[in-house]
Amino acid sequence: MSTACRKATVIAIHSCEIADQLPVAIKVVRVDLATETLFGRFAREAEVMEKFDHGSIAKVYGSCLNRELGYYVMELLDGGTLSDYEKAHTLSG
């Protein structure tokens, strides 16, 4: 991922609770920094993620995507970040 993409896309993990009282994670795109291409990718990602229904993939509950605000809300999974997991499970070869 390019530096520009990392700066424009933020994953905010909160213990926000939606109607079911479930903790959620919120992935946000900074529309002030996002290019048209990046915003389009983010919108497609949200759309595709909402279609997945698998126990190993975080369920997406909903999204808001317009030129002033871009985010989607998903299930908060236990176990830390993917980066933390990768560091703890480095393959030796």
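Of all residues in the stretch 62-77, those that are touching a residue at least 40 places away in the same chain (Cβ under 8 Å) and within 13 Å of residue 43 (Cβ to Cβ) have Cβ atoms under 6 Å from Cβ atoms of residues that are part of a strand (DSSP E or B) and of a type in the set (Val, Ile, Thr), 6 or more apart or on another chain, in 70/29; 71/26; 71/28; 72/60. If you scan the stretch 48-70, which residues turn out to be open to solvent by 30 Å² or more (accessible area, probe 1.4 Å) and either of a type in the set (A, V, I, L, M) or under 12 Å from the mean Cα position of the chain (by Cα) (or both)? Hits for the stretch 48-70 are 48, 49, 50, 57, 59, 61, 63, 65, 69.
What about residue 24, is it modelled with pLDDT of 75 or more, surrounded by 15 or more Cβ atoms within 10 Å (Cβ to Cβ), touching a Gly at 6+ places or on another chain (Cβ under 9 Å) and in a strand (DSSP E or B)? In short, no.
Total residues in the stretch 71-88 satisfying the condition of being open to solvent by less than 100 Å² (accessible area, probe 1.4 Å) and not polar (S, T, N, Q): the figure is 11. Within the stretch 28-40, at least one residue is open to solvent by less than 60 Å² (accessible area, probe 1.4 Å) and either assigned to a loop (DSSP other than H, G, I, E, B) or in contact with a His (Cβ under 6 Å, 6 or more places away or on another chain) (or both).
Taken over the stretch 50-93, the criterion of being in a loop (DSSP other than H, G, I, E, B), polar (S, T, N, Q) and either at positive phi or at pLDDT 85 or above (or both) is satisfied by no residue.
The values are calculated or read from the model by the stated rules, or taken from the named source; none is laboratory data. Quick caveat: nothing in here was measured; it's all calculated off a predicted structure. Reconstructed Cβ throughout: ideal geometry from the backbone, glycine too, with neighbour counts over all protein chains shown. Each accessible area value is taken on the protein alone, full model and side chains, heavy atoms only, with ligands, DNA and RNA left out. Shrake-Rupley method; radii C 1.70, N 1.55, O 1.52, S 1.80 Å.
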